[in-house]
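A short write-up of the structure that comes next.
The values are calculated or read from the model by the stated rules, or taken from the named source; none is laboratory data. What you see is a predicted model; the values in this text were computed from it and never measured. Heads up, the Cβs are rebuilt from the backbone with ideal geometry, glycines too, and the neighbour counts pull from every protein chain shown.
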Amino acid sequence: MGKSKHAENYPLLSAIAGGITGAIEISITFPTEYVKTVMQLYPEMNKKGTVEVIRETFKNRGILGKKKYFIS
């Protein structure tokens, strides 16, 4: 694939678009990776299942609990 005409003329716009795309991607994949990691580290949580891990995370950490390490 060749470069688009816009990418050559507007590198800052391309960088901003890439940053936005990256933020959307990490916002979607991070919660699923968090749940997977919790289930791998804690066998008792693995037995409860995915939905229960999400429920307990919201209960114990609040709605933004899954994003605690997202910022750091």
* Can you name every residue in segment 1-44 that is under 23 Å from R55 (Cα atoms), modelled with pLDDT under 90 and of a type in the set (F, W, Y)? -> F30, Y34
* **Output for segment 8-35, where each listed residue is touching a helix residue (DSSP H, G or I) at 6+ places or on another chain (Cβ under 7 Å) and not aliphatic (A, V, I, L, M)** => S14, P31, Y34
